[in-house]
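We did not get these values from a lab; they are worked out from the coordinates using the rules stated. Just so we're clear, the structure is a prediction, and the values are computed from it rather than from any experiment. Positions of Cβ are generated from backbone atoms using ideal geometry, with glycine treated the same way; all protein chains shown enter the neighbour counts.
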There are 2 protein chains.
Amino acid sequence: MYQLIDGKKIAGQIKEQIAGEVKKIKQQGGKIPHLAVILVGKDGASETYVAHKEKACHQVGIHFTLIRFEDNVSQNELLNKINEINNNENIDGMIVQLPLPKQIDEQKVIESIDPEKDVDGFHPVNVGRMVIGIPAYISATPAGIMELIKHYNIDTQGKSCVVIGRSNIVGKPMSILMMQKKALGNATVTVCHSRTKNIKELTLKADIIIAALGQAQFLTADMVKEGAVVIDVGTTRVKSDKTKSGWKLLGDVKFDEVAPKCSYITPVPGGVGPMTIVSLLKNTLLAAQKKIYN
Amino acid sequence: MYQLIDGKKIAGQIKEQIAGEVKKIKQQGGKIPHLAVILVGKDGASETYVAHKEKACHQVGIHFTLIRFEDNVSQNELLNKINEINNNENIDGMIVQLPLPKQIDEQKVIESIDPEKDVDGFHPVNVGRMVIGIPAYISATPAGIMELIKHYNIDTQGKSCVVIGRSNIVGKPMSILMMQKKALGNATVTVCHSRTKNIKELTLKADIIIAALGQAQFLTADMVKEGAVVIDVGTTRVKSDKTKSGWKLLGDVKFDEVAPKCSYITPVPGGVGPMTIVSLLKNTLLAAQKKIYN
């Protein structure tokens, strides 16, 4: 019988811890952690993500400021605002909701954020520090997955781990975190991607599979060995007439057939997803406490 | 019959190219590229490495400045000098020869170097940029290996690549470079290390093996499949009564028995080693031309 990795529950517990810490700061007369989010345009998905982040901040008592720009904003205008927030001592963490409109160079925007306020962990300084193994803001999804592995005491030492996908925000950082010479790490990591020829051969030998390729229900039962740990990062939206919203989320794993073979598995939704916002809250708290850079 | 990857020859060719470019800069009245090296103490190996770097700079016409400190130098003194060089427009690239004495925080020193002058590619900004896949100074050994792969037209696309070792300066960057979505890349990469349980099983399936664990003659013929490409990063010094110097270099690969099974293999010495200094020269030229940051 497999153990469901209940991201929703763990996320709830961590939120309570964060709320407790924020409360303590308040009681001691300290400055309340403060997150600023820049949102450009009116993309539906981005609006939803930002609304979730705002709600989560309110739940734990973190101050939240939303800064909106029209989607015809110039790059300079945006960079000026980022610079203003960099210099605003009242704001501890900042994120710019991606994607950005075409006239704006995303990489340039990311690099203009003060690394000490880069709670999304996208700035090259934070990516580099994570790789080197020194304190860094780790991006939300990998940080959330490591948190789940920790909470369920999943043994990674010397285990074979296959990461499917090599994106900058999930696949690559996950592979590095899993191979680090640390208690949560020390796995033998293989990274597969669109050019990999024999994915099934590789996943069949894996003790831990992290599916982050963004292809709905890619991982099937015949690709997984008995007792594997499966982490599903996929979130493909498909239409559905069975939900109130008219759509549902599909993971990269065919849950119903894969789960019976697993020792641990994350569901979609309710697995990795809820952890990502918690990672952002945690990074904002760390920023306010100056625990990464000091 | 295997093809020997002649690092010494390729390094010579690239040095000639660099010398040509420096000459052109000179003829056009431009500023000659200038590398500054900080050397602390009198460690024998460090003295040798720095002497080699100095000689290579002279060979290609790059200006070389050596700044020496006694091994009891304070961290502040060192940081002040780095800051001075950061602000010296005449100096394009700077390296601090490692290791440093105990009283000095190496990571802090590395991070104090202006990333735009960090021709060793050790600063988190350059590590992060390399991972993200944007222009970056790539550290000498991985850059040299990629150069060899390019020069011998070794196909990496969709190949399985096993990297043995997960160091910050070789194993981790090599794994990232080999998996990038680029012409030189797109390999399916597995990183093995001291905690890996079944290294032989993994290396036996690899099309490309990069041995960078620093254990002399670790990789033996029974671990390598027919036709594999083997890159040997090892440089263990052992005593020898057959050389004038009294010691010889051993790689991480048992060359004599492994080579016959290979399609391509690097010797030690004369394989990866000569490429590392060339990478440093190339990075210094790139720095002078402001080709990475602009």
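Okay, here's what the table says:
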read-out	value
More than 17 Å apart - percent of Cα-Cα pairs taken over the stretch A:188-259	44 percent
Inter-site label distance for residue B:87 and residue B:105 at 7 Å from Cα along Cβ, in nm	2.2 nm
Kirkwood hydrodynamic radius over Cα pairs of the stretch A:139-277, then Stokes diffusion coefficient at 20 °C and 1.002 mPa s, in µm²/s	144 µm²/s
Beta bridge orientation in chain A: antiparallel %, DSSP, nearest 5	10 percent
Cα point-scatterer Debye curve for the protein assembly as shown, base-10 log of I(q)/I(0) at q = 0.06, 0.10 Å⁻¹	-0.34, -0.94
Unit charges on C-beta of K, R, D, E only; dipole of chain A, Debye	540 debye
Exposed GluC sites (Glu not before Pro) absent: longest stretch of chain B, with sites in DSSP loops and at most 11 other Cβ within 10 Å deemed exposed	B:90-225
Total formal charge among the other residues, if their Cβ is under 12 angstrom from that of residue A:247, Lys/Arg +1 and Asp/Glu -1	+4
Distances in nm from residue A:168 to the matching label points in the other copies, shortest first (labels 7 Å along Cα to Cβ)	2.2
Using distinct alpha-carbon pairs, which all enter the 1/r mean, Kirkwood radius of the stretch A:31-117 in Å	13.3 Å
Exposure proxy order (Cβ contacts within 10 Å, fewest to most) of A:74, B:160	A:74, B:160
Whole-Å semi-axes of chain A's equivalent ellipsoid (Cα gyration tensor)	32, 21, 19
Among A:195, A:129, A:166, residue whose mean-square fluctuation peaks in a GNM of chain A (springs only between Cα atoms under 10 Å)	A:195
Convex hull per residue volume in Å³, alpha carbons only, for the stretch B:222-294	131 Å³
Extended-chain gain in nm, criterion 0.36 nm per residue less alpha-carbon gap, residue A:19 and residue A:74	16.1 nm
Normalised contact order of chain B, rounded percent, pairs of Cα under 8 Å and 6 or more residues apart	22 percent
Exam field: residue A:227 pseudo-label spacings to other copies (7 Å along Cα-Cβ), nanometres	3.4
Alpha-carbon radius of gyration plus Dmax, which is the widest Cα pair, for the stretch A:79-170 in Å	15.6, 47
Per-residue [θ]222 nm for chain A (sum of -39500 (n - 2.57) over DSSP H runs n ≥ 4, rounded to 500)	-11500 deg cm²/dmol
Whole-Å semi-axes of the ellipsoid equivalent to the stretch A:4-162 (Cα gyration tensor, √5λ, descending)	28, 21, 17
Listed residues A:132, A:113, A:91, most fluctuating in chain A (Gaussian network, C-alpha, under 10 Å)	A:132
Filter on A:108/B:181; A:23/B:108; A:182/B:248; A:172/B:117 - keep pairs with C-alpha separation over 29 Å	A:23/B:108; A:182/B:248
Dipole-positive endmost among A:100, A:161, A:138 within chain A (Cβ charges, Cα centre)	A:161
For the stretch B:1-66, radius of gyration divided by Kirkwood radius, i.e. Rg to Rh on alpha-carbons	1.10
Cβ-derived FRET efficiency at R0 30 Å, residue B:98 paired with residue B:9, nearest 0.05	0.60
Net +/- balance of residues flanking residue B:206 in space, Cβ distance below 10 Å, scoring K and R +1, D and E -1	+2
7 Å along Cα→Cβ, label-point gaps from residue A:181 to other copies, nm, shortest first	3.3
Peptide-level mean, for A:161-173, of C-beta atoms on other protein chains within 10 Å	2
Reciprocal of mean inverse Cα separation for the stretch A:107-221 (Kirkwood radius, Å)	14.8 Å
